[in-house]
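Only one structure is covered here, and it is reproduced in the block below.
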Amino acid sequence: MSSTKVKVALLVMGLLTLGGLLAQYRATTRGESVHLNAQQVELLINSMPEQQRNLYADPESRQRMLGMLQEAIIFGAEARRLGYTSRHEHIYQMGVQRDFLLSSAYRDRHREVTVKPEEVEAYFRQNPGAMDEFLRYNPQFGSRRQGIDQRLRQQLAEIRILAERARQEGLDRDPGVAMQLAYFPLYVLREALLKDLQAKVRVSDEEIEEFYHRHRSEFDQVRARHILFNTKPPLGSDGKSSPAPDPAAVRQKAEAVLKRAKAGEDFAQLAKEFSEDPSSKEQGGDLGFFGKGQMTPKFEEVAFSLSPGTISDIVETPFGLHIIKVEERRTAPLDQDLKGVIENRLRRRKHEEQLRQIRARHPVIVEGAKPPDEMNSNERPLRKR
């Protein structure tokens, strides 16, 4: 096959791929399904600049990126349905994003490319309001120092100039780059929509009070004291760790103090004398009232199992060995702090329900995607301050 026929065949294939992608994109705005298969995903990633491709070389990073892309398509489609693309600020931001993508693709193919100072000045002569428009829609850059403003001015001109060169070279018709141009600017719409949705969530005082009365058991609290015997290597004044204490010796000391506490000696005085918890030692080990989810799990489990006035056996946590005494139990009062906690919880529930409905309305699949998870940690501090 001649080289001309090969080029024609490749162009036809590219146009068919691009046509399919645009058809899918338009379908998304009507709430219909979109499915980016493994081949399309590879095409998208392989079209990225080398430095960006390298960021997604490991499977976990790749899955997260594709998960974020899937979310952008879903919420971008919802934003289009709600008319966000008729707002000038979003049109502008998406345009800048497309030019950035094109300029990056051009730099990736022309590694030695430069934009001369006279080209920058010519751009601003032809577009005298370009910088003011950029700052109007990106107010976070509005109070920058003069030196940074100059670099920003240079970068904006380079993006616009190189994007135009990319179009002249036909890079916007490359199937992989076309996918970037179709999907990546949707991040702009996603962020705008999520910000608006969160701002519109309302929780009434009546809803807060109803939740409180229906879930009173969730707000059970205990007031406890403890004596801590540290099993971790102590830090010296120079910030370096000393050798770890002998576990057997620490336990022997804890058992001796426990025996004295259960024999009736003043628990607060024993805490002042023996506890190695600097935050509660001088208060006689008093931790105040705390609810479930505020302490490390084993400590919390034992504390909530004790009746007022009773003392635990030795309790081991990642922080060391504890002796716990519960002073009081109560249901937390519905004060302003607790109202704020409940309000935030109800706001999150309402917001999550909004997101669930949007995802159901726009069934988008990006093969290999792993939706970004919230930060999660199994080990809590002894007490969350």
Check: Out of (1) free of Cβ contacts under 8 Å to residues at least 40 places away in the same chain; (2) in a helix (DSSP H, G or I); (3) open to solvent by 60 Å² or more (accessible area, probe 1.4 Å); (4) not hydroxyl-bearing (Ser, Thr, Tyr), what's the single condition that is false for residue 107?
Finding: (1)
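Rundown of residues vs (1) touching a His at 6+ places or on another chain (Cβ under 8 Å); (2) part of a strand (DSSP E or B); (3) free of Cβ contacts under 8 Å to residues at least 40 places away in the same chain, yes/no style:
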residue: 313; (1), (2), (3): no, no, no
residue: 325; (1), (2), (3): yes, yes, no
residue: 328; (1), (2), (3): no, yes, no
residue: 333; (1), (2), (3): no, no, yes
residue: 339; (1), (2), (3): no, no, no
residue: 344; (1), (2), (3): no, no, yes
residue: 350; (1), (2), (3): no, no, no
residue: 358; (1), (2), (3): no, no, no
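Would you mind finding the one in 314, 358, 365, 324 that is of a type in the set (A, V, I, L, M, F, W, C), open to solvent by less than 50 Å² (accessible area, probe 1.4 Å) and closer than 30 Å to residue 64 by Cα? Steps first, answer last, please.
Numbers: 314 fails: closer than 30 Å to residue 64 by Cα; 365 fails: open to solvent by less than 50 Å² (accessible area, probe 1.4 Å); 324 fails: closer than 30 Å to residue 64 by Cα.
After applying the criteria, what remains is 358.
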Check: Would a scan of segment 117-138 turn up a residue that is open to solvent by 70 Å² or more (accessible area, probe 1.4 Å) and within 30 Å of residue 66 (Cβ to Cβ)?
Finding: no
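So, of the residues in segment 310-326 that are out of contact with any Phe, Trp or Tyr (no Cβ under 9 Å at 6 or more places or on another chain) and at pLDDT 95 or above, which turns out to be nearest to residue 209 (Cα to Cα)? Reasoning before the result, please.
Going residue by residue through segment 310-326, those that are out of contact with any Phe, Trp or Tyr (no Cβ under 9 Å at 6 or more places or on another chain) are 310, 312-313, 316, 318.
Restricting the remaining residues to those that are at pLDDT 95 or above gives 310, 312-313, 316.
Values: 310: 33, 312: 35, 313: 38, 316: 38 Å.
Checked segment 310-326; the qualifying residue nearest to residue 209 (Cα to Cα) is 310.
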Check: Taking segment 246-301 only, how many residues are assigned to a helix (DSSP H, G or I), in contact (Cβ under 8 Å) with a residue 60 or more places away in the chain and among the aliphatic types (A, V, I, L, M)?
Finding: 5
Margin query: Condition first: part of a helix (DSSP H, G or I) and open to solvent by less than 30 Å² (accessible area, probe 1.4 Å). Can you find one or more residues in segment 48-66 that meet it?
Written below: yes
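Right, residue 334: in contact with a strand residue (DSSP E or B) (Cβ under 6 Å, 6 or more places away or on another chain) and open to solvent by 20 Å² or more (accessible area, probe 1.4 Å) or not?
Details: in contact with a strand residue (DSSP E or B) (Cβ under 6 Å, 6 or more places away or on another chain): no; open to solvent by 20 Å² or more (accessible area, probe 1.4 Å): yes.
For residue 334, the condition - in contact with a strand residue (DSSP E or B) (Cβ under 6 Å, 6 or more places away or on another chain) and open to solvent by 20 Å² or more (accessible area, probe 1.4 Å) - is not met.
What residue, of 155, 97, 93, is without any contact (Cβ under 8 Å) to a residue 60 or more places away in the chain and in a helix (DSSP H, G or I)? Spell out how you get there, then give the answer.
Details: 97 fails: without any contact (Cβ under 8 Å) to a residue 60 or more places away in the chain; 93 fails: without any contact (Cβ under 8 Å) to a residue 60 or more places away in the chain.
Within the list 155, 97, 93, the selection yields 155.
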Check: In segment 360-385, how many are closer than 24 Å to residue 193 by Cβ, modelled with pLDDT of 50 or more and out of contact with any His (no Cβ under 6 Å at 6 or more places or on another chain)?
Finding: 11
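Hey, among 223, 202, which residue is within 40 Å of the chain's Cα centre (by Cα) and assigned to a strand (DSSP E or B)? Walk me through it before giving the result.
Details: 202 fails: assigned to a strand (DSSP E or B).
Of the residues listed, the single one that is within 40 Å of the chain's Cα centre (by Cα) and assigned to a strand (DSSP E or B) is 223.
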Notebook entry, point to check: List the pairs whose first member sits in segment 114-142 and is more than 17 Å from residue 165 (Cα to Cα), whose second member is not in a helix (DSSP H, G or I), and whose Cβ atoms are under 7 Å apart, counting only residues at least 6 apart or on separate chains?
Noted result: 135/142
Note to self: Among the numbered criteria (1) surrounded by 17 or more Cβ atoms within 10 Å (Cβ to Cβ); (2) within 22 Å of residue 305 (Cα to Cα), which one does residue 192 miss?
What the structure shows: (2)
Next item on the list: Sort out which residues of segment 158-196 are over 15 Å from residue 97 (Cα atoms), charged (D, E, K, R) and part of a helix (DSSP H, G or I), and write them in order of number.
Entry: 165, 169, 173, 195, 196
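The values are calculated or read from the model by the stated rules, or taken from the named source; none is laboratory data. Being a predicted model, the structure only gives us computed values, none of them experimental. Reconstructed Cβ throughout: ideal geometry from the backbone, glycine too, with neighbour counts over all protein chains shown. Only protein heavy atoms, including side chains, enter the accessible area calculation; ligands, DNA and RNA are left aside. Shrake-Rupley method; radii C 1.70, N 1.55, O 1.52, S 1.80 Å.
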